[in-house]
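Have a look at the structure below before the remarks.
The values are calculated or read from the model by the stated rules, or taken from the named source; none is laboratory data. Quick caveat, the model's predicted, so the values are computed rather than measured. Glycine also receives a Cβ, built like all others from the backbone with ideal geometry; neighbour counts cover every protein chain displayed. Each accessible area value is taken on the protein alone, full model and side chains, heavy atoms only, with ligands, DNA and RNA left out. Shrake-Rupley method; radii C 1.70, N 1.55, O 1.52, S 1.80 Å.
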Amino acid sequence: MSLIVDVLSGGVRGGTSIMYGALGETVSERAGVINLGTEGSMLMGALGGYIVCVETGSPWLGALAGALAGAALSLLHAYLVVWRGASQFASGLTLLFLALGLTSLFGATYVGKPVDGFSRWDVPLLSDIPVIGTVLFQQDPLVYLSFAVVPFIWWLLFKTRAGLLIRTAGERSESLTVHGYSVKAVRAGAVTAGGFLAGIGGAHLSIAYANAWFENMVSGRGFIAVALVIFAVWSPIRVMGGAYLFGMALALGSALQARGYNVNQFALDAIPFVLTLAVLALLGKKTVSSSPAELKKVFENAPPT
Amino acid sequence: MEQHVGPRRPLLAVLGLTKHFAAVKANTEVSLEVWPGEVHALVGENGAGKSTLLKMIYGVYHPDAGQMIVEGTEAVIDSPAEARRLGIGMVFQDLRLVPALTVAENIALAIPTGVTLKLRALSQQIREASDKHGLSVDPNAKVGHLSIGERQRVEILKVLMTGAKLVILDEPTSVLAPQEVEALFSVVEHLRSQDFGILIVTHKLDEVRTIANTATVLRGGRTILENVKPSDYTNDELIEAMVGKSVSDLTRRASTVVTTDRAMALTMTGINAKGDQGNLALKGISLTIAPGELVGIAGVAGSGQRELCEVALGLRPPVTGEVTIVGKKIGNPRDALSAGAASIPEDPVADSIVGRLTVLHHMVLNGRRLPAGKVGIDWQTVKSTTDTNNDRLGLHIAATSRNVSELSGGNIQRVILTRELSLDAELVVAAYPSRGLDIANVRRTQEILLECRDKGAGVLMVSEDLDELMSIADRILVMHDGHISGEIINADFDRQRIGQLMIGGAA
Ligand SMILES: Nc1ncnc2c1ncn2[C@@H]1O[C@H](COP(=O)(O)OP(=O)(O)OP(=O)(O)O)[C@@H](O)[C@H]1O
Ligand SMILES: [Mg+2]
């Protein structure tokens, strides 16, 4: 029983960074732009959040700084693909490596520095509920924030004008033009907002989850986030469920190790990726058919020879 | 309304509008007027410049010269937003709705409602407006699930809800089934009675006569007839104004191909096939088409015609049943191509057009063997074959170096027709081949299909135009709800009976 609770609660904790990244990617892809640089935005967020948190002592300022750092990298992606017409894949990957280099360089002196990040805060009353209380309400503030962010993103996408414009940009961009909106502005906004969210995800990792900074600390979570968006069929609500699932896959290993089981660390680290592959293989074409139409074009529009 | 009080004046007058795209003189000194309570038909052959004129009026293109006067005041319409502000709304030839969004969301794009969409209030407004104008639509339906006719109603409703007094419709009927045309015209009639002005493009003279009070004829970008009453002209006079020559009627002739000891051009046996939504779209279809036979498929849109064509061409694997083309079993599109099938898809703009490629590129974009050069494709040969075929077929396609994305609707269709019909095909599957074509080219296309048949090809032709089918088919199969509900041979063609079969009635 306690193993299950540990895995569930660890899943929520560890899944939250992935969730922020995937929510950001959802917004971006809904507007028709794939951002493989999400991993990079998360890295920028992790380091940016860490530095500001260390220097100011305020985790909230840290989270904000992380968000801005993530947004800055995505803005570059937006500039390259939206205005310069660069390949979305090439730009995203290049920016990831740029972020990897930058954060290794500027983060070197922060490795091992102590930080006073977010600490666990139990929600009064709710945290006393058995199981559910432990899993959902004995967490850090960024987890609680995500409980509000998920419905907010849903509301934004489906109930507001901004969301309508984002979805139109992703489904049939010429319809935006006909109504006098700028496709470029809408896409750039969505991509940047996506980076902002991914940045929070990165900050969650360094100043709430691990309370440490080290090189390449995101280690693939950004890519899991990108894959997650596909099998969550671009729905923020499903992103939440999926992220927790991955969080649990990550938590399972440490929970087992803590109980003295001798499991191979490398095998444990591989679990989430094996899970990703399995889900992608299972869903295959099914989800692609419901993908935003402009996103399909990104894959299908081979340049003329 | 204001028009009743003040002196009557045109909603819109354009004077000497000119628009040239590099070497293409799309419009040269074009003038016309649209009055309140008037339905004004804009007619002319493919590439005459109709869509270009409409796009200038709607602020998509900017005229090189000329004036536009909206309700008595000179206007510079530099964007669609400005056009809408002036009370001008347009429904494009290719509808611009977003399929993945609901009707209400699509309309919300055009109507400012503040930060949130207030979809419930908007749905209410949509219902009220749709009651008022007789345009029934469900605000919560996903546009992707609607028929073309319904989508058009949504577009018109949207235009009306943004406060348009002048409604521009670019070839609304060329994609509609006859019943849908009737429904559209009753809406147009209603709008006319409410003092709206309507500017409508069509290629069909009987439609001009049914719906329009006024007509303007364009040819080669110039106004040939300006603001005339259609009833003052005979059909021949109007056709002559449109194409510069008279177009002879099609002479019906029977097939003379000897078919004994030749394999059937197409056989389909016991075909059951699923539609895109997973429903059973074809239910136990069996048919054969002999070489040298032209078989027409009639039916209300969505009765399984599209699936039928796709199964015949190996594009849609049937759940059960077998397809052969000249005796060869068909399992995938490659088989169909190598057996000698040619295909004119239902919606070329969506299915077989790559906008950034040229006309010449499109000539080889059909998966058949290409003339090989030393490295890659031998474009010289492609070009000369294309020119020869173009001369032979006489559909006068645009210059081979032009980008397909800048061609007019009918000219795109002609590129596809020329490519597919110049093959020595064993089987021609033609879905709505004359869609979007002007009168002269409709006639020419029908002639070519008959020539294919006379050379021994089997032709499967889907059309919603019964007159067209009855004038060229050797046999008509009527489809209803995935079945073949009846078969009628040439000598017994009877409009009434076909109509009955189309709605599933007993023959
Ligand atoms: N954006 C563009 N760039 C270059 N040429 C263009 C462009 N738009 C239209 N044209 C050309 O202008 C001419 C008139 O085209 P237009 O679309 O107005 O014809 P249309 O009368 O609407 O024909 P259809 O009946 O086939 O729809 C054509 O030769 C077309 O190729
Ligand atoms: Mg046109």
Please pick out the residue among A:Leu142, A:Leu126 that is away from chain B (no Cβ under 14 Å) and in contact with a His (Cβ under 8 Å, 6 or more places away or on another chain). A:Leu142
Among (1) closer than 30 Å to A:Ser290 by Cα; (2) surrounded by fewer than 14 Cβ atoms within 10 Å (Cβ to Cβ), there is one condition A:Asp122 misses while meeting the rest; what is its number? (1)
Can you spot a residue in segment B:149-163 that is in contact with a Ser or Thr (Cβ under 7 Å, 6 or more places away or on another chain), open to solvent by less than 40 Å² (accessible area, probe 1.4 Å), away from chain A (no Cβ under 14 Å) and within 16 Å of ligand 2 (Cβ to nearest atom)? no
Exactly one of (1) more than 23 Å from B:Arg219 (Cα to Cα); (2) within 10 Å of chain A (Cβ to nearest Cβ); (3) open to solvent by less than 30 Å² (accessible area, probe 1.4 Å) is unmet by B:Arg96. Its number? (3)
Sort out which residues of segment B:460-491 are under 14 Å from B:Arg253 (Cβ atoms) and either touching a helix residue (DSSP H, G or I) at 6+ places or on another chain (Cβ under 6 Å) or modelled with pLDDT of 90 or more (or both), and write them in order of number. B:Ile472, B:Ala473, B:Asp474
Restricting attention to helices (runs of 4 or more DSSP H) lying wholly within segment A:1-83, give those where 1 or more residues are among the acidic types (Asp, Glu) and buried (at least 24 other Cβ atoms within 10 Å of the Cβ). A:2-30, A:38-56
Looking at B:Ala290, B:Ala281, B:Ala265, which is the one that is within 27 Å of the chain's Cα centre (by Cα) and small (Gly, Ala, Ser)? B:Ala281
A careful count of residues in segment B:61-90 that are within 16 Å of ligand 1 (Cβ to nearest atom) and modelled with pLDDT under 90 gives 1
Taking segment B:377-436 and keeping residues open to solvent by 50 Å² or more (accessible area, probe 1.4 Å) and among the small types (Gly, Ala, Ser) leaves B:Ser384, B:Ala399, B:Ser401, B:Ser405
Out of A:Val149, A:Val183, sole residue that is open to solvent by less than 40 Å² (accessible area, probe 1.4 Å), among the β-branched types (Val, Ile, Thr) and more than 14 Å from chain B (Cβ to nearest Cβ): A:Val149
On the given criteria, is B:Ser434 touching a helix residue (DSSP H, G or I) at 6+ places or on another chain (Cβ under 9 Å), within 15 Å of ligand 1 (Cβ to nearest atom) and hydroxyl-bearing (Ser, Thr, Tyr)? yes
Identify the single condition in (1) more than 23 Å from the chain's Cα centre (by Cα); (2) within 16 Å of ligand 1 (Cβ to nearest atom) that B:Gln413 does not satisfy, given that it satisfies every other one. (1)
Tell me, which residue of segment B:110-132 that is touching a residue at least 12 places away in the same chain (Cβ under 8 Å) and facing chain A (nearest Cβ under 7 Å) is surrounded by the most Cβ atoms within 10 Å (Cβ to Cβ)? B:Leu117
With segment B:1-95 as the region, which helices (runs of 4 or more DSSP H) entirely inside it contain at least 2 residues that are within 16 Å of ligand 2 (Cβ to nearest atom)? B:50-57
In segment A:128-144, anything free of Cβ contacts under 8 Å to residues at least 24 places away in the same chain and under 13 Å from A:Val5 (Cα atoms) is listed as A:Ile129, A:Pro130, A:Ile132, A:Gly133, A:Phe137
Can you name every one of the strands (runs of 3 or more DSSP E) wholly within segment B:186-246 that holds 1 or more residues which are in contact with a Gly (Cβ under 6 Å, 6 or more places away or on another chain) and modelled with pLDDT of 90 or more? B:214-219
How many residues are modelled with pLDDT under 90, open to solvent by 40 Å² or more (accessible area, probe 1.4 Å) and of a type in the set (S, T, N, Q) when one looks only at segment B:293-344? 2
Since A:Ser175 meets every condition but one in (1) at pLDDT 90 or above; (2) crowded, with 18+ Cβ neighbours inside 10 Å, which condition does it not meet? (1)
Pairs returned, first residue in segment A:64-91 that is aromatic (Phe, Trp, Tyr), second residue that is assigned to a loop (DSSP other than H, G, I, E, B), beta-carbon separation under 8 angstrom, 6 or more apart or interchain, are A:Phe89/A:Ile34; A:Phe89/A:Leu36
Checking B:Pro178 against (1) more than 14 Å from every other protein chain (Cβ to nearest Cβ); (2) open to solvent by less than 10 Å² (accessible area, probe 1.4 Å); (3) more than 16 Å from ligand 1 (Cβ to nearest atom): exactly one of these is not met. Which one? (2)
I need the full set of residues from segment B:143-176 which are part of a helix (DSSP H, G or I), among the hydrophobic types (A, V, I, L, M, F, W, C) and within 21 Å of B:Asp465 (Cα to Cα), in order please. B:Ile148, B:Val175
Could you please find all residues in segment B:70-93 being crowded, with 18+ Cβ neighbours inside 10 Å, closer than 13 Å to B:Gly163 by Cβ and within 13 Å of chain A (Cβ to nearest Cβ)? B:Ala83, B:Arg84, B:Gly89
Residue by residue through segment A:102-117, note down the ones that are open to solvent by 40 Å² or more (accessible area, probe 1.4 Å) and not acidic (Asp, Glu). A:Leu102, A:Leu105, A:Phe106, A:Ala108, A:Thr109, A:Val111, A:Gly112, A:Lys113, A:Pro114
